[in-house]
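Derivation of every value follows stated rules applied to the coordinates shown; laboratory data play no part. For clarity, every value in this text was computed on a predicted model and none was experimentally measured. Positions of Cβ are generated from backbone atoms using ideal geometry, with glycine treated the same way; all protein chains shown enter the neighbour counts.
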Amino acid sequence: MLQFNFLLVLALLITACDTGDAMRESSKNNPTIHARVIAADNGCMGCHAVGVTVIGPAWKLVAKHYKNEPDSKALLINSIKKGGKGNWNNITGGQSMPAHENRMSDEDIAIVVDYILAL
Ligand code: HEC
């Protein structure tokens, strides 16, 4: 029974990954949807939403905050790679963001940052 459950979970995981890859491919010609698929695939939406603060700040607030910052893109890429802490305490009550550099490519992080900054 245990083995059966294990195989079932494995099959579900493989199916889930395949669906993700297919969505990723088919979304490539729409930059907004492509960025959203990447963000969803990488667990960002477990803590973030576009318009409301969940655990992390609403991405619209992030876009507004960094709008006039000259190095905003590099700065946000760095926060996502290394993790973030302390910048949004007044909004989040002191939650921190884990580092993503070992589980996400630089290219994917840059795609999501471009999307966030354009919100
Ligand atoms: C476990 C929850 C969690 C996950 C998962 C998460 N974040 Fe965050 N994120 C936060 C929190 C909390 C903050 C605020 C950190 C701070 O106060 O500096 C934050 C901050 C940010 C910021 C602003 C950074 C700054 O320096 O001002 C961006 C942009 C961001 N997240 C994007 C992302 C993206 C893209 C992903 C997915 C790759 C992601 N987050 C995944 C919780 C999360």
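Below is a table of values for the structure above.
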{"quantity": "Scan of segment 50-90 for residues that are surrounded by 15 or more Cβ atoms within 10 Å (Cβ to Cβ) and among the aliphatic types (A, V, I, L, M), ordered by number", "calculated": "Val50, Ala58, Leu61, Val62, Ala63, Leu76, Ile77, Ile80"}
{"quantity": "Residues being in a strand (DSSP E or B) and farther than 16 Å from Leu119 by Cβ - total across segment 34-75", "calculated": "0"}
{"quantity": "Selected residue (only one of Gly93, Gly56, Gly84 is touching a His at 6+ places or on another chain (Cβ under 6 Å) and either under 23 Å from His34 (Cα atoms) or without any contact (Cβ under 8 Å) to a residue 60 or more places away in the chain (or both))", "calculated": "Gly56"}
{"quantity": "Close pairs (6 angstrom Cβ cut-off, 6 or more residues apart or separate chains): of a type in the set (A, V, I, L, M, F, W, C) in segment 101-116, outside any helix (DSSP H, G or I) anywhere", "calculated": "Met104/Asn42"}
{"quantity": "Hits in segment 76-91 (condition: assigned to a loop (DSSP other than H, G, I, E, B) and more than 6 Å from the ligand (Cβ to nearest atom))", "calculated": "Gly83"}
{"quantity": "Residues within segment 92-119 that are within 18 Å of Met45 (Cα to Cα) and either assigned to a helix (DSSP H, G or I) or near the ligand (Cβ under 9 Å from one of its atoms) (or both), tallied", "calculated": "18"}
{"quantity": "Scope segment 24-38; condition surrounded by fewer than 18 Cβ atoms within 10 Å (Cβ to Cβ) and of a type in the set (D, E, K, R); matching residues", "calculated": "Arg24, Glu25, Lys28"}
